[in-house]
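The values are calculated or read from the model by the stated rules, or taken from the named source; none is laboratory data. As the structure is a computational prediction, the values presented were derived from the model and not from experiment. Glycine also receives a Cβ, built like all others from the backbone with ideal geometry; neighbour counts cover every protein chain displayed. For accessibility, only protein heavy atoms count, side chains too; no ligands or nucleic acids. Shrake-Rupley method; radii C 1.70, N 1.55, O 1.52, S 1.80 Å.
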Amino acid sequence: MARLVMKFGGTSVADIARIRNVAQHVKREVDHGNEVAVVVSAMAGATNQLVAWTREIAPYHDAREYDAVVASGEQVTAGLTALALQEIGIDARSWQGWQIPISTDETHGAARITAIDGAVLIDRLQRGQVAVIAGFQGLAPDNRIATLGRGGSDTSAVAIAAAIGADRCDIYTDVDGIYTTDPRVVPKAQRLAQISYEEMLELASLGARVMQVRSVELAMVHRVRTFVRSSFEKPDEIPAAEPRGTLICDEDEIVEKKTVTGIAYSKDEAQLTLRRVKDKPGVAAAVFGPLAAANINVDMIVQNVSEDAATTDITFTVPIAEHDRARKVLEDSSAAIGYELIQSSPDVTKVSVIGIGMRSHAGVAAEAFQALAARGINIRAITTSEIKISMLIDAPFTELAVRTLHSVYGLDDS
Ligand code: ADP
Ligand code: ASP
Ligand code: MG
């Protein structure tokens, strides 16, 4: 007997037939004698619709009312899933975030979970009742509903798994695991049997939207064994031993260690360049201080060594949604910084190569640069860490770059 969290994403609960299918997956685990807490997303497209309505009525909306609206999608699927389970003879009830409670901080729209009281859930599970929990939502200190940011049901699931001491957190989605890159972009991508928390964290933060970044952080901190798998497999055809999927786990557990594990990309970046900035102490602080004060996240930074010891260029990236605001902040601080020109290009993509094997292998970056050069792809900026290399390129080359890197590192399915 095990205690499980089973999380189902939007496409897995997209309509009534799919919700009935979810109930069958849950029944399979209950029939095996397991205790099950289910976490559900809103039906596919529902959250987008709710967000669009809030924007239509108030472009600069009150984030607390935004949360009241967008959290409702998960309330619907939690209730429907509980009903579907009851219909096939399984004792189940739905839970909203505030009923458990799942406590969050006060950052409405992108709240972080601060605490979950697992006691009541554990008691119900031990009595044989399936708990169907609305993902993506919690209760803020102002006693109002808060949502966890887009894709936040993954985080609800992992946090609940940690709170109730679950043996495993299964993330059911529309792909049967984590692939070497997005299988919708590269059909030759291969499913990974295992991936380390660290690599998954990089993959998620560098653009693979398959799991919310925060959920991977929580899984890593609380050592939650997280298994990504498909809800589209027939519930009665899944083998009890070795089901298909990807286990996110400790690095030590990984059997087959590769140098490069995956490629991710993000179109969510915009590049800004300050030309002929005075090359003197304090300039970087003058540029990035006001951006930080405006809460704008700066990612890649490149500063050239100046040729004449008088001026230099600084290039960096910000989230595309912050591009206009960042430009305004820089224009407002132009006197303090002292530059000649701002140039910006929103049409860029960050492509990243990830793998814990990079720690011990030299030359991984050089291979990427050569491969992109051979395809005529210009690299605008580079950042590296111990286990990743990120390159900023022109957006129209995204797919070519991802496919090229995927094949250079031997990740193509032969
Ligand atoms: P859900 O609605 O179940 O939360 P998401 O749409 O959030 O599902 O995430 C699943 C999607 O993530 C897949 O359909 C796939 O296109 C995308 N994806 C991106 N990168 C990867 C990857 N490396 N491995 C698997 N899926 C990926
Ligand atoms: N329904 C929310 C969203 O679409 C949360 C989630 O699906 O994880 O972002
Ligand atoms: Mg998701």
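ARG229 - would you say it is of a type in the set (D, E, K, R), closer than 26 Å to ALA17 by Cα, outside any helix (DSSP H, G or I) and modelled with pLDDT under 95?
Values: of a type in the set (D, E, K, R): yes; closer than 26 Å to ALA17 by Cα: yes; outside any helix (DSSP H, G or I): yes; modelled with pLDDT under 95: no.
Considered against the rule, which asks whether it is of a type in the set (D, E, K, R), closer than 26 Å to ALA17 by Cα, outside any helix (DSSP H, G or I) and modelled with pLDDT under 95, ARG229 comes out as no.
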When the range 59-98 is checked residue by residue, the ones that are within 16 Å of ligand 3 (Cβ to nearest atom) and either open to solvent by 40 Å² or more (accessible area, probe 1.4 Å) or of a type in the set (Asp, Glu) (or both) are GLU74
Condition met for THR147 (in contact with a His (Cβ under 7 Å, 6 or more places away or on another chain) and crowded, with 19+ Cβ neighbours inside 10 Å): no
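Scan the range 81-91 for residues that are free of Cβ contacts under 8 Å to residues at least 40 places away in the same chain and assigned to a helix (DSSP H, G or I) and report the count.
Selection size over the range 81-91: 2.
Each row is one residue, and each column tells you yes or no for (1) more than 16 Å from ligand 2 (Cβ to nearest atom); (2) out of contact with any Ser or Thr (no Cβ under 6 Å at 6 or more places or on another chain); (3) closer than 17 Å to ARG403 by Cβ.
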position	(1), (2), (3)
CYS169	no, no, no
VAL175	no, yes, no
PRO187	yes, yes, yes
LEU192	yes, no, no
GLU202	yes, yes, no
Counting only residues that are touching a Phe, Trp or Tyr at 6+ places or on another chain (Cβ under 8 Å), within 15 Å of ligand 3 (Cβ to nearest atom) and within 23 Å of ALA401 (Cα to Cα), how many does the range 204-244 have? 1
Residue in the range 242-282 that is surrounded by the most Cβ atoms within 10 Å (Cβ to Cβ), counting only those that are of a type in the set (Asp, Glu) and in a strand (DSSP E or B): GLU269
Could you please let me know if HIS32 is touching a residue at least 60 places away in the same chain (Cβ under 8 Å), more than 24 Å from the chain's Cα centre (by Cα), open to solvent by 50 Å² or more (accessible area, probe 1.4 Å) and under 27 Å from VAL175 (Cα atoms)? yes
Applying the selection to the range 197-241, what residues are among the β-branched types (Val, Ile, Thr), open to solvent by 40 Å² or more (accessible area, probe 1.4 Å) and farther than 21 Å from GLY355 by Cβ? VAL221
How about the range 292-321: which of its residues are outside any strand (DSSP E or B), out of contact with any Pro (no Cβ under 7 Å at 6 or more places or on another chain) and open to solvent by 40 Å² or more (accessible area, probe 1.4 Å)? ALA292, ALA293, ASN295, VAL298, ASP299, ASN304, VAL305, GLU307, ASP308, ALA309, ALA310, ALA321
Within the range 322-352, restricting attention to residues that are open to solvent by 50 Å² or more (accessible area, probe 1.4 Å) and without any contact (Cβ under 8 Å) to a residue 12 or more places away in the chain, which residue is farthest from LYS278 (Cα to Cα)? ASP324
Here the residues within the range 183-199 that are within 11 Å of ligand 1 (Cβ to nearest atom), of a type in the set (Lys, Arg) and not in a strand (DSSP E or B) are ARG184
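Give me the residue from the range 388-414 that is of a type outside the set (A, V, I, L, M, F, W, C), outside any loop (DSSP other than H, G, I, E, B) and touching a residue at least 60 places away in the same chain (Cβ under 8 Å) and, out of that set, nearest to VAL351 (Cα to Cα).
In the first step, residues of the range 388-414 are kept if they are of a type outside the set (A, V, I, L, M, F, W, C); the result is 388, 390, 394, 396, 398-399, 403-404, 406-407, 409-410, 412-414.
With the extra rule that they be outside any loop (DSSP other than H, G, I, E, B), the set shrinks to 388, 390, 394, 396, 398-399, 403-404, 406-407.
Those still in the list that are touching a residue at least 60 places away in the same chain (Cβ under 8 Å) too: 388, 390, 398-399, 403, 406-407.
On the way: LYS388: 10, SER390: 6, THR398: 7, GLU399: 10, ARG403: 11, HIS406: 11, SER407: 14 Å.
The residue in question is SER390.
Have a look at GLY355, GLY289 and point out the one that is open to solvent by less than 10 Å² (accessible area, probe 1.4 Å) and of a type outside the set (A, V, I, L, M, F, W, C).
On inspection, the qualifying residue turns out to be GLY355.
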